[in-house]
Amino acid sequence: MCAKSGNCKSRLSRQCGLSLIELVVFIVIVSVSIAGIFLVLNKVTRTSADPVARKQALAIAESLLEEIELMPFTYCDTNDANVATATGAFVGAGGCATTVQGLVPTGGETRYSTTSPFDNVGDYGGFTMNSGNGGIKDITGAVFAALNAYSASVTVVQEAFGGITNSTASLRITVTVTGPGNTTVTLDGYRTQYAPNATQ
């Protein structure tokens, strides 16, 4: 029914209510709005697991980087007879007795060995953890089964840092961790040779 008012005088002269065109326009606007809301919800739902994977990858990377940075950075391998007295990274008088510490594991050392563990920053050069070599492990070799989808790799390179112009006295450590959903976290840290004869 059409009520009598200033805008609607009679049923014959003017129709009150919505026309079919107005109704269609209303339905289109509401449909587009709902579709937009569903797209946003879909994107949020798809990426809601990503922060968990990213946080886990970040925790692995931070832990590994801290472990490496806490290692000694000496001229000689820490098992070398002259490690506490060497004045440079060379073999001979005033230097190492037999083994200069490089940027790769020295003499069969591994991260998990009880007899020959990694004992220097340089030992971690090229180190990897992935499902192919047992997965993510702590320093004792204990496997974290829940982290099977993650892998970690380490590069150690000589690089001048800050006011240190001698690039051999400064190392850049890069830890890269990959995980589910194409998650990749890369952390860089620097280690300087502030105590080249300290093994602790």
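The values are calculated or read from the model by the stated rules, or taken from the named source; none is laboratory data. A quick note: this is a predicted structure, and the numbers were derived from the prediction, not measured. All Cβ positions, glycine included, derive from the backbone under ideal geometry; neighbour counts span all protein chains shown.
Below are the figures for this structure:
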| item | result |
| --- | --- |
| Selection count where residues are closer than 30 Å to ALA84 by Cα and surrounded by fewer than 19 Cβ atoms within 10 Å (Cβ to Cβ), scope the stretch 171-192 | 6 |
| Only listed residue being over 24 Å from ILE173 (Cβ atoms) and free of Cβ contacts under 8 Å to residues at least 12 places away in the same chain, chosen from GLY94, GLY108 | GLY94 |
| Selected residue (criterion: surrounded by the fewest Cβ atoms within 10 Å (Cβ to Cβ)) from residues of the stretch 97-111 that are within 19 Å of ARG191 (Cβ to Cβ) and among the hydrophobic types (A, V, I, L, M, F, W, C) | VAL104 |
| Filter result for ALA81 (hydrophobic (A, V, I, L, M, F, W, C), touching a Pro at 6+ places or on another chain (Cβ under 9 Å), more than 25 Å from THR184 (Cα to Cα) and in a loop (DSSP other than H, G, I, E, B)) | no |
| Evaluation of THR140 against (1) surrounded by 13 or more Cβ atoms within 10 Å (Cβ to Cβ); (2) part of a loop (DSSP other than H, G, I, E, B); (3) out of contact with any strand residue (DSSP E or B) (no Cβ under 6 Å at 6 or more places or on another chain) (one fails), failing number | (1) |
| Given (1) at pLDDT below 90; (2) assigned to a loop (DSSP other than H, G, I, E, B); (3) of a type in the set (A, V, I, L, M, F, W, C), index of the condition ALA149 fails | (1) |
| Residue match in the stretch 112-132 (condition: assigned to a helix (DSSP H, G or I), buried (at least 18 other Cβ atoms within 10 Å of the Cβ), hydroxyl-bearing (Ser, Thr, Tyr) and at pLDDT 90 or above) | yes |
| Failed item in (1) closer than 25 Å to GLY102 by Cβ; (2) assigned by TED's automatic domain parsing to the domain that holds THR87; (3) in contact (Cβ under 8 Å) with a residue 40 or more places away in the chain, with THR128 passing the rest | (3) |
| Candidate set from the stretch 18-54 (those that are of a type outside the set (A, V, I, L, M, F, W, C) and surrounded by 13 or more Cβ atoms within 10 Å (Cβ to Cβ)); member that is modelled with the highest pLDDT | ARG54 |
| Positions within the stretch 137-155 being without any contact (Cβ under 8 Å) to a residue 12 or more places away in the chain and aromatic (Phe, Trp, Tyr), in sequence order | PHE144 |
| Among (1) in the same structural domain as THR85 (by TED's automatic domain parsing); (2) within 25 Å of THR85 (Cα to Cα), the one test that THR199 misses | (1) |
| Evaluation of ILE68 against (1) in a loop (DSSP other than H, G, I, E, B); (2) under 30 Å from ASN130 (Cα atoms); (3) at pLDDT 90 or above (one fails), failing number | (1) |
| Residue in the stretch 171-180 that is among the small types (Gly, Ala, Ser) and at pLDDT below 90 present | no |
